[in-house]
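The values are calculated or read from the model by the stated rules, or taken from the named source; none is laboratory data. Keep in mind that this is a model prediction, so the values were computed, not measured. Note that we place each Cβ from the backbone using ideal geometry, even for glycine, and neighbour counts take in every protein chain shown. Accessible surface areas use protein heavy atoms only, side chains included; no ligands, DNA or RNA. Shrake-Rupley method; radii C 1.70, N 1.55, O 1.52, S 1.80 Å.
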Amino acid sequence: MISWYNIIVIFLFGLVSIFVNIEGRSISQFLNQESQGTKWAVLVAGSNGWDNYRHQADVCHAYQLLKNGGLKDENIIVFMYDDIAHNRENPRPGVIINNPHGNDVYKGVPKDYVGEDVNALNFYNVILANKSGIVGGTGKVLNSGPNDHIFIYYTDHGGPGIVAMPSGELVYANDLVNVLKKKHASGTYDRLVFYLEACESGSMFDGLLPEGLDIYVMTASEPNEDSWATYCGEGTPEEPCLVQCSPPEFQGVCLGDLYSISWMEDSDIQDRTADSVQGQYSRWKIRFMFFILRPKVANRTAANITHGSYGSHVTEYGDIVVSFDSLAAYMGENFKNHSHDSVDAKSFSTSSSRNVDQHSTELFYLFAKHRKAPEGSNEKYEALVKLNEVKSQRSQVDYNVKHLGELLFDVEKGNEVLNSVRPARQPLVDNWDCLKSYVKIFEAHCGRLTTYGRRHVRGIANICNAGITNEKMVAMSAQACSS
């Protein structure tokens with residue numbers, strides 16, 4: 001979270017903004033007084049499967065936005081499983097879109113790391129420019145220099161203290177922050193901006209990312225909050241699409257994520273040389289402090305909450321002073337005829353289409369698949385079987401974790417201990433090795449945690465925080481999941 005130091009910086013920047021305009025120079029001129037190093041980007045879609053369409057659509061859109069902004073392919077590193085464009089379920093073979101009326105964002109996207117090469121170790125080694133540690137892929141790494149600006153965008157499923165990868169181990173918060181610390185210690189960048197889209201994404205940095213690394217992070221949600229998918233399926237009288245529905249052939253999938261399409265559609269329509277990263281975060285212009293001028297990412301993402309629908313609270317971490325750099329310093333400039341998925345400002349100023357929390361997108365997909373299958377067909381029967389199987393798995397993991405808590409802390413306190421949330425600026429867990437070990441113990445006895453099941457990582461972290469021994473965790477996990 002942002003400290004009092006950063007709050008003071010906001011106030012001072014407001015004064016500077018006023019001074020700059022008094023002196024006859026525009027704020028855009030002030031924003032553009034930045035180092036002229038190379039712009040680098042790392043784009044990561046950490047999932048696979050047709051029901052996760054949106055993550056790769058987000059990354060492809062981000063690539064087109066940066067490419068149009070003048071970044072070179074040699075400086076953009078893309079991680080995506082690449083199983084969507086040519087998926088047998090894709091109604092538009094070879095094409096990926098990121099909003100209902102968007103153009104193809106897949107064409108031209110580099111295939112740096114695909115399939116099994118999309119994993120945590122390759123991700124870490126790319127950031128650290130450790131080419132010898134890369135397995136597979138093109139071998140492209142973040143070979144940045146001391147004057148360079150870096151933009152990292154990661155979109156995926158998450159859980160408390162984790163984000164997923166389609167292969168290999170999870171990305172744990174402490175490992176990611178340690179990699180960023182190492183990158184800073186190497187002296188190979190000037191400033192770094194990191195956007196993270198995932199459930200509980202704030203938990204990846206809260207209480208872990210120190211100030212002074214010249215890193216600014218924006219997350220889609222707070223540490224204990226879901227993020228949301230958008231442009232999902234068809235509307236109903238009960239749940240209408242607030243602006244526009246997905247094309248009918250895309251029933252059951254979401255074309256984008258709410259936070260992700262918010263920052264990208266904003267970047268498509270704003271003058272990136274005149275607008276700052278901080279300006280994208282908030283609808284408030286800092287120099288006016290109290291006047292709403294135009295919609296921004298944080299407000300669009302949260303608007304669904306205030307209007308009685310769904311959304312999350314975009315959150316900031318790290319060095320807020322970095323966020324006063326122009327968007328162009330990381331994303332390049334806007335150019336005419338650039339649109340791949342841009343929308344007009346009026347569309348951006350309102351709520352998005354139908355939204356689904358990321359933990360529920362699998363069920364959303366399966367419900368739609370069952371609904372649209374012909375009556376009496378094998379396809380309808382198989383969809384129903386799969387739907388019931390997933391619902392049963394969810395109920396089972398919920399029961400297993402609840403039972404484990406009761407065995408460890410008794411019936412009265414188990415649920416309270418497992419679901420307790422630590423105060424802001426305090427990391428999820430004190431001992432990350434304990435958390436990693438206990439997750440593996442639980443999975444050994446109770447089955448691998450699915451995208452849905454990973455929401456229970458907070459409970460396992462709280463077991464570590466309570467000082468439960470390894471021996472007791474093994475014994476009680478075996479007992480909890482044997483009944």
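I'd like the full set of residues that are under 25 Å from residue 125 (Cβ atoms), part of a loop (DSSP other than H, G, I, E, B) and open to solvent by 10 Å² or more (accessible area, probe 1.4 Å), limited to the stretch 183-209.
Taking the stretch 183-209 and keeping what is under 25 Å from residue 125 (Cβ atoms), we get 183-198, 201, 203-205, 208-209.
Okay, now just the ones that are also part of a loop (DSSP other than H, G, I, E, B), so 186-190, 198, 205, 208-209.
Within the stretch 183-209, 186, 187, 188, 189, 190, 208, 209 qualify.
Is the stretch 169-178 home to any residue that is open to solvent by 10 Å² or more (accessible area, probe 1.4 Å), under 23 Å from residue 254 (Cβ atoms) and hydroxyl-bearing (Ser, Thr, Tyr)?
Looking through the stretch 169-178, none of the residues is open to solvent by 10 Å² or more (accessible area, probe 1.4 Å), under 23 Å from residue 254 (Cβ atoms) and hydroxyl-bearing (Ser, Thr, Tyr).
For residue 434, work out the one condition from (1) in contact with a Cys (Cβ under 7 Å, 6 or more places away or on another chain); (2) open to solvent by less than 20 Å² (accessible area, probe 1.4 Å) it doesn't fulfil.
Only one criterion in (1) in contact with a Cys (Cβ under 7 Å, 6 or more places away or on another chain); (2) open to solvent by less than 20 Å² (accessible area, probe 1.4 Å) is unmet by residue 434, namely (2).
Sort out which residues of the stretch 399-420 are without any contact (Cβ under 8 Å) to a residue 40 or more places away in the chain, surrounded by fewer than 16 Cβ atoms within 10 Å (Cβ to Cβ) and not β-branched (Val, Ile, Thr), and write them in order of number.
Once the filter is applied, which keeps residues that are without any contact (Cβ under 8 Å) to a residue 40 or more places away in the chain, surrounded by fewer than 16 Cβ atoms within 10 Å (Cβ to Cβ) and not β-branched (Val, Ile, Thr), the stretch 399-420 yields 399, 410, 412, 413, 415, 416.
Suppose we filter 200, 89, 169 for residues that are among the acidic types (Asp, Glu), within 15 Å of the chain's Cα centre (by Cα) and farther than 23 Å from residue 67 by Cα; which single one remains?
On inspection, the qualifying residue turns out to be 200.
Quick one: which of 477, 395 is more than 24 Å from residue 47 (Cα to Cα) and either of a type in the set (S, T, N, Q) or in the same structural domain as residue 49 (by the TED database) (or both)?
Values: 395 fails: more than 24 Å from residue 47 (Cα to Cα).
Selected residue: 477, the only one of 477, 395 that is more than 24 Å from residue 47 (Cα to Cα) and either of a type in the set (S, T, N, Q) or in the same structural domain as residue 49 (by the TED database) (or both).
Given the criteria of a type in the set (A, V, I, L, M) and touching a Leu at 6+ places or on another chain (Cβ under 8 Å), does residue 444 qualify? Write out each step before concluding.
Working: of a type in the set (A, V, I, L, M): yes; touching a Leu at 6+ places or on another chain (Cβ under 8 Å): no.
In short, no.
Could you please give the count of residues in the stretch 51-90 that are of a type outside the set (Lys, Arg) and under 15 Å from residue 231 (Cβ atoms)?
Going through the stretch 51-90 one residue at a time, the tally reaches 10.
For residue 412, state whether it is assigned to a helix (DSSP H, G or I), among the acidic types (Asp, Glu) and not assigned by the TED database to the domain that holds residue 201.
So residue 412 does not fit the description; no.
In the stretch 452-483, which residues are closer than 17 Å to residue 392 by Cα and open to solvent by 40 Å² or more (accessible area, probe 1.4 Å)?
455, 482, 483, listed by residue number.
Of 88, 25, which residue is modelled with pLDDT of 90 or more, of a type outside the set (A, V, I, L, M, F, W, C), open to solvent by 50 Å² or more (accessible area, probe 1.4 Å) and out of contact with any strand residue (DSSP E or B) (no Cβ under 7 Å at 6 or more places or on another chain)? Talk me through it step by step, then tell me what you get.
Details: 25 fails: modelled with pLDDT of 90 or more.
Result of the check over 88, 25: 88.
Of the numbered conditions (1) free of Cβ contacts under 8 Å to residues at least 40 places away in the same chain; (2) part of a helix (DSSP H, G or I); (3) farther than 30 Å from residue 371 by Cβ, residue 423 fails exactly one; give the number of that condition.
Here residue 423 clears every test but (2).
Which residues, counting only those in the stretch 144-166, are loosely packed, with under 15 Cβ neighbours inside 10 Å and polar (S, T, N, Q)?
Within the stretch 144-166, the subset loosely packed, with under 15 Cβ neighbours inside 10 Å is 145-147.
Listed by number, the list holds a single entry, 147.
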